[in-house]
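What follows is a short report on a single structure.
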Amino acid sequence: MITPLMPNYARTELAFERGEGCWLVTADGRRVLDFGAGIAVNSLGHSHPHLVEALVQQAQKVWHVSNLHNVPEAERLAKRLIEATFADSVLFCNSGAEANEGAIKMARKYHAVRGEENRYRIITFEGAFHGRTLATIAAGGQKKYLEGFGPKVEGFDQVPFGDRKALEAMIGPDTAALMIEPIQGEGGLREVPTEELRYLRELCDANGLLLIFDEVQTGVGRTGKLFAHEWAGVTPDIMAIAKGIGGGFPMGAVLAVEKCAAVFTPGTHGTTFGGNPLAAAVGNAVLDVILAPGFLEEVQRKALLFKQKLAGLVDQHPKVFESVRGAGLLTGLKCVVPNGDVTAEARREGLLVVPAGDNVIRLIPPLIVSDAEIDLAVGMLDKAAASLEAQMVKGAAE
Ligand SMILES: *Cc1c(COP(=O)(O)O)cnc(C)c1O
């Protein structure tokens with residue numbers, strides 16, 4: 001018989017009743033350390049007092065009014081994002097895929113209003129993940145997500161990650177934009193080198209293409225800067241964000257420079273819930289914390305500490321772990337044994353981690369994680385690796 005919740009997820013046995021900071025607690029009182037953060041969403045952990053306060057206060061005023069009217073909380077959040085980034089204007093939506101859809105539509109419209117309607121193709125990169133809507137699975141180009149869902153949405157060309165020749169050969173008169181994650185999240189924490197991001201910017205400028213960054217996973221402090229592209233000193237024309245900006249409240253946004261944002265004139269694009277007062281109040285509260293002086297420096301400091309300890313783990317367990325991946329607190333381990341086994345064993349030790357492509361486990365704690373919690377997590381991973389090694393010895397003896 002079918003389960004009440006559709007069977008499209010392979011869920012663990014765990015169900016949580018509440019959360020406190022980096023910890024999740026089941027109904028029977030089992031505490032686990034959350035280094036998955038709801039897949040890089042709970043940027044400030046669980047039940048952060050400032051977020052709870054913002055949500056409750058707004059809930060007592062007004063939740064939703066639609067985009068037929070002004071939403072002052074959303075306007076304030078947009079202004080703060082503009083102040084802190086390359087962007088001149090912001091569109092709010094409800095998820096990462098929806099933000100990428102907005103970015104894709106904006107890039108196409110940009111050329112269309114300039115009389116180049118044929119110029120709608122977008123180049124993406126192998127191993128990319130941009131979401132699960134029809135256009136974003138076409139953008140991601142992964143067979144396993146496309147299969148069975150009818151014809152692939154037209155207009156996406158994929159090139160191998162880091163292959164400049166293939167990329168330049170792919171650019172044609174119909175190319176509208178390049179779209180890339182500064183660090184591939186689902187694809188296995190593969191970083192785009194700084195010089196490669198700069199080259200992409202120059203390539204776009206030389207060919208009249210728009211540069212779209214998908215910072216749905218890398219954004220909002222995850223790498224120790226507000227956005228990952230800041231490390232490279234390169235800015236996009238359009239950027240999709242989501243995950244961390246709501247701290248657990250569903251929210252996404254498209255940030256863009258004026259020439260791009262200006263094509264979204266009244267009636268061209270929309271969403272009922274996007275930037276409603278509840279979401280915007282929480283988004284503002286998230287920024288209150290992340291933009292507070294010293295917060296991102298502290299993320300950088302903890303990330304370095306974590307990375308050093310993870311390197312030690314790789315040295316100690318070469319049969320389980322191959323290398324450390326990622327940047328900031330978007331970090332992880334490339335595994336030798338199947339990453340699903342490491343994930344399950346870590347969970348048994350009381351640590352939640354998230355598998356990614358390329359046999360990687362992601363270690364993406366809330367940005368408020370403490371040094372002591374990092375130590376605990378490393379200890380749990382050490383034990384998990386030791387049990388996997390013991391199982392290997394046992395397996396070999398049998
Ligand atoms: C998670 C993710 C998405 C999709 O976001 P949803 O909110 O699940 O639609 C898109 N791009 C990247 C880089 C992501 O990590």
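Per-residue extension of 0.36 nm, minus the Cα-Cα distance of residue 61 and residue 291, leaves a gain of 80.3 nm for this segment.
Helix 194-207 and the long axis of the chain differ in direction by around 20°, with both axes built from C-alpha atoms. For residue 319, a cut-off of 17 angstrom between C-alpha atoms picks up these aspartates and glutamates, skipping any fewer than 8 places away in its own chain: 341, 345, 358, 382, 389.
Taking all Cα pairs closer than 8 Å and separated by 6 or more residues, the relative contact order of the chain comes to 23 percent.
Taking a straight Cα-Cα cut-off under 19 Å and skipping sequence neighbours fewer than 8 places away in the same chain, the lysines within cross-link reach of residue 109 are 259. In terms of other Cβ atoms within 10 Å, 121, 76, 325, 30 run from fewest to most in the order 30, 76, 121, 325.
Against the chain, whose longest principal axis comes from its Cα atoms, helix 277-290 is set at around 60 degrees.
Legend: ranking of residues 120, 9, 199 from fewest to most surrounding C-beta atoms inside 10 Å; resulting order 9, 199, 120. The ranking of 322, 20 from fewest to most other beta carbons within 10 Å of each one's beta carbon is 20, 322.
The antiparallel fraction among DSSP beta bridges confined to the stretch 49-290 stands at about 40%.
Reducing the stretch 206-225 and the stretch 290-325 to their Cα centroids gives an inter-centroid distance of 22 Å. Between residue 25 and residue 370, the simple label model (points 7 Å from Cα in the Cβ direction) yields a spacing of 1.5 nm.
Extension gain, residue 207 to residue 284: 0.36 nm times the residue separation minus the Cα-Cα distance gives 24.0 nm. Which entries of 143/334; 144/309; 225/307; 309/334 have Cα-Cα distances beyond 24 Å here? Pairs exceeding 24 Å: 144/309.
Modelled label positions at residue 389 and residue 82, each set 7 Å beyond Cα in the direction of Cβ, lie 5.6 nm from each other. Under 1.5 on a/c is rounded, so check that first for the stretch 224-266, then, if it is not, pick prolate when a/b is larger than b/c and oblate when it is not; a ≥ b ≥ c are the square roots of the alpha carbon gyration tensor eigenvalues. Oblate. Applying 0.36 nm per residue to the separation of residue 13 and residue 268 and subtracting their alpha-carbon distance, the gain on full extension is 87.4 nm.
Read-outs throughout are calculated quantities, based only on the coordinates presented, and are distinct from any laboratory measurement. Computed from a predicted structure; not experimentally measured. Counting neighbours? That spans all protein chains shown, and the Cβs are built from the backbone with ideal geometry, glycine included.
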